[in-house]
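Scroll down for the structure; my scribbles are underneath it.
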């Protein structure tokens, strides 16, 4: 049984205290969710400097989605204020000065203000933890979303009859909802909405609807 909202702190998956300021990597079509790992290729000089500075400090980095219509805007291009914050787990330097990095999402935050825009952005942030509306409902939603995610994995698998096991991390409803958000077939702006939803019950309900449509599109038979 998932505990009620009064004990929500125990549900925060592997909670990491976020710094007050982080470099911000503003990108199109990319959302960093907590509990998700993403690879990035760092090649622009300003972001190579950002990575160098980040590696010498606390190794935290935020990913901010560029707002719609960004193609016609001048620098600094506007991006969303709600960001995923990650920890640089690995850096692979290339001979040409570029790098490949692995970034693990560890939290979500709101940009309060930018303290630097050049050569790269640095923002003062406020952490946005998840909130549990109803623990009993969340337990039911969690089981339903797990089943839908399993269905999706079977549909995508080359061997759908093979027994599948979820990693232990997905036993945590908050981690499950963030990973399911990342895996959903949805536009980056819809995924941004999911990132901005701090009510875990609400996010779960939205995800269940998305996965039901994805697995059983309207007009098809069950």
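Read-outs: derived from the displayed coordinates by stated rules, not from any lab. No experiment lies behind these values; they were computed from the predicted model shown. Using ideal geometry, Cβ is built from the backbone for each residue, glycine included, and neighbour counts are taken over all protein chains shown.
Taking the chain as a Gaussian network of alpha-carbon nodes connected by springs under 10 Å, the highest mean-square fluctuation of the residues 90, 62, 109 belongs to 90.
As a proxy for reagent exposure, 85, 115, 91 were ordered by neighbouring Cβ count within 10 angstrom, fewest first; the result is 115, 91, 85. Beta bridges from DSSP with both residues in the chain: antiparallel share about 85 percent, rounded to the nearest 5. Residue exposure proxy: 15, 80, ordered by other Cβ atoms within 10 angstrom of their Cβ from fewest to most, comes out as 15, 80. With 0.36 nm allotted per residue and the present C-alpha distance subtracted, the residue 30-residue 118 stretch has 29.5 nm of extension available. Using a simple spin-label model with pseudo-atoms 7 Å out from Cα toward Cβ, residue 102 and residue 150 lie 2.8 nm apart.
Extending 7 Å from the Cα toward the beta-carbon at both residue 20 and residue 77 defines two label points whose distance is 3.1 nm.
Given only helices, namely DSSP H runs of n ≥ 4 each adding -39500 (n - 2.57), what is the per-residue ellipticity at 222 nm of the chain, to the nearest 500 deg cm²/dmol?
Calculated from helices alone, the mean residue ellipticity at 222 nm is -10000 deg cm²/dmol.
Remark: relative contact order (the range 12-127) = 35 percent; criterion is Cα-Cα distance under 8 angstrom and separation of 6 or more residues.
If we count other beta carbons within 10 Å of each Cβ, what is the order of 52, 144, fewest first? Intermediate results must be reported in sequence, preceding the final value.
Working: 52 13, 144 16.
Result, fewest neighbours first: 52, 144.
To the nearest ten degrees, helix 45-55 and the longest principal axis of the Cα atoms of the chain are 70 degrees apart. Between the entries [x] 0.98; [y] 1.08; [z] 1.36, the label attached to Cα Rg over 2.2 N^0.38 Å calculated for this structure is [y].
Look at the alpha carbon pairs under 8 Å that are at least 6 residues apart: their mean separation over the length of the chain gives a relative contact order of 25 percent.
Peptide packing: for 93-104, 20-31, the average count of neighbouring Cβ atoms within 10 Å per residue gives the ranking 20-31, 93-104, highest mean first. Take the Cα of residue 171, step 7 Å toward its Cβ, do the same at residue 126, and the gap between the two points is 3.5 nm.
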